[in-house]
Amino acid sequence: MSGIRVSSEIGPLKKVMLHRPGAELLNLTPNTLEELLFDDIPFLKVAQAEHDAFADILRGEGAEVVYLEDLAAEVVASDPEIREQFLLQWIREADIHTERYTRIIHDYLEENYSDPKDLVMKTMAGINLQELQTDKSDSLVDLVSDASKLVCAPMPNLYFTRDPFASIGNGASVNRMYSVTRNRETIYAEYVFKHHPDFKDVPQYYGRYNTFHIEGGDILNISADTLAVGISQRTEPDAIDQIAHNIFSDETSPIEKVLAFDIPSSRAFMHLDTVFTQIDADKFTVHPGILGPLTVFEITPSASGSGIKVREINEPLELLLSKAVGTSVELIPCGGGDRIAAEREQWNDGSNTLCVRPGTIVVYERNDVTNAVLQEKGLNVLQMPSAELSRGRGGPRCMSMPLIREDL
């Protein structure tokens, strides 16, 4: 199955992209947690076991699981010129600008990581000064630097594959991300969509070199003709204007409307998918703090067909979503309405579920209050272990990028 086909959040999942956490987590330290957007350091061995359990759940539900690292390695292996271009670009984007260190890092990677997948995994993990074994006698900065200093920072957030790019109908957006540390992650998507035979013909509605920030956690395929995007801490309205214009300009796209949800700019409401996720044809999980009137902007093609038209809507979330999906919907609050349980379980992504087919969802097992409520509502709740993965502040939806879903 090649290309991208995702016209809803709940159509039966047929193909999904993950990234199995790797050595990038071993390069997290207490001093770099804030910079690298982590609150704690996951135990890698357990995080990998939990992630493998997640992948097994998806395979058990009939989904083909592909890995970002494998797709990128296939591109790197396809042509020596592409490999060289990727390597030099990765070094530059790792903030290495001197000719000396560009050469040192390039030669180190080529000499020690000839296998394409090993190379890709090492670029994800980062490089410290000690690994390079440089001659320090001709460099003051090397002499005064600690041997464990990270020369090229790791990318520990990569297992949240939802954010660097997003599937939109039959196309994709390759995102410009909010933070510098995460924006480096999108180099893999750039090369996959430019060179991989399964994805190089996919229409791109946004690019990583665009000016304004947008992240995949803010993009939800509500229906075949309606896209929801969050105006959030990490997605700017200017980016939504651009992506709407590009979608409407694509004659092959069935999307006729973009709903821009203006959500609070805070860590608790980091992305739209921390506010609500669809779990059945008529059900959504929701963050209790967002219930009530919500400012939403409806973006449609202009009458002339060469621009966009925007109007503000002020309606309760339940009514907005009911109109978007074409049926009355029920909003199921995280924590079942208990304020303390809601705050605790929202911190552990109780509302960030992955729907594998209508009414069947993957959740973190630790959110037992919310999970019990979902089961009482008739949902088929597939619980995955999450003691270590949850330390990255992202749930099953954050950790997955659907590539193909069956149409509803």
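The table below lists the values:
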quantity: Computed lengthening from Glu315 to Asp225, 0.36 nm per intervening residue step minus Cα-Cα distance; calculated: 30.4 nm
quantity: Three-way shape call for region 219-265 based on the alpha-carbon gyration tensor, with the a/c threshold at 1.5; calculated: oblate
quantity: Label-point separation, Asn380 to Leu33 (7 Å along Cα→Cβ), nm; calculated: 3.9
quantity: Amide H within-cut-off set for Val329, under 5 Å, with H built and near neighbours excluded; calculated: Ser322
quantity: Angstrom value of the Kirkwood radius, inverse mean 1/r, which spans all Cα pairs in region 12-162; calculated: 17.0
quantity: Amide H within-cut-off set for Asp280, under 5 Å, with H built and near neighbours excluded; calculated: Gly359
quantity: Accessible solvent surface per residue of region 300-405, calculated while the other protein chains remain in place, 1.4 angstrom probe, Å²; calculated: 41
quantity: Segment Asp52-Ala23, extension gain: residue separation times 0.36 nm, minus the distance between their alpha carbons; calculated: 8.9 nm
quantity: Cα-based equivalent ellipsoid, the chain: semi-axes from gyration tensor eigenvalues, Å; calculated: 36, 24, 20
quantity: In sequence order, calculated HN-Hα J values of region 382-396 (Karplus, 6.51, -1.76, 1.60; Hz; x Gly/Pro); calculated: 9, 9, 10, x, 8, 4, 9, 4, 5, 5, x, 6, x, x, x
quantity: Share, in percent, of DSSP beta bridges within the chain that are antiparallel, nearest 5; calculated: 60
quantity: Within a Gaussian network of the chain (alpha carbon springs, distance under 10 Å), most fluctuating of Asn314, Asn27, Asn352; calculated: Asn314
quantity: For the chain, built as a Gaussian network whose Cα springs stay under 10 Å, the top-fluctuating residue of Val356, Val174, Val325; calculated: Val325
quantity: Using θ = phi - 60° and Karplus 6.51 cos²θ - 1.76 cosθ + 1.60, couplings along region 72-83 (whole Hz; Gly, Pro as x); calculated: 5, 5, 4, 5, 4, 6, 6, 6, x, 5, 5, 4
quantity: Rounded if a/c under 1.5, otherwise prolate or oblate - region 28-117, Cα gyration tensor axes; calculated: oblate
quantity: The chain, helix-only ellipticity at 222 nm - DSSP H runs n ≥ 4, -39,500 (n - 2.57), divided by all residues, nearest 500; calculated: -9500 deg cm²/dmol
quantity: Whole-number percent relative contact order across the chain, with pairs defined as alpha carbons under 8 Å at least 6 apart; calculated: 22
quantity: Computed label-point distance, nm, for sites Glu99 and Gln130 using a 7 Å Cα→Cβ extension; calculated: 3.2
quantity: Percent RCO, i.e. relative contact order, over region 335-408, from Cα pairs under 8 Å lying at least 6 residues apart; calculated: 33
quantity: Cut-off 11 Å between beta-carbons: net charge of the residues surrounding Arg405, Lys and Arg +1, Asp and Glu -1; calculated: +1
quantity: Lysine-lysine proximity count for the chain, Cα under 15 Å, sequence distance 8 or more or distinct chains; calculated: 5
quantity: Candidates Pro288, Pro385, Pro80: whichever shows maximal mean-square fluctuation once the chain is modelled as a Gaussian network with Cα springs under 10 Å; calculated: Pro80
quantity: Solvent-accessible area of Thr252 with every protein chain in place, 1.4 Å probe, in Å² to the nearest 10; calculated: 100
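The values are calculated or read from the model by the stated rules, or taken from the named source; none is laboratory data. Values in this document were obtained by computation on a predicted structure and should not be read as measured data. Note: ideal-geometry Cβ built from the backbone for every residue, glycine included; neighbour counts use all protein chains shown. The protein model used for the area step is the full one, side chains on, heavy atoms only, and it has no ligands, DNA or RNA in it. Shrake-Rupley method; radii C 1.70, N 1.55, O 1.52, S 1.80 Å.
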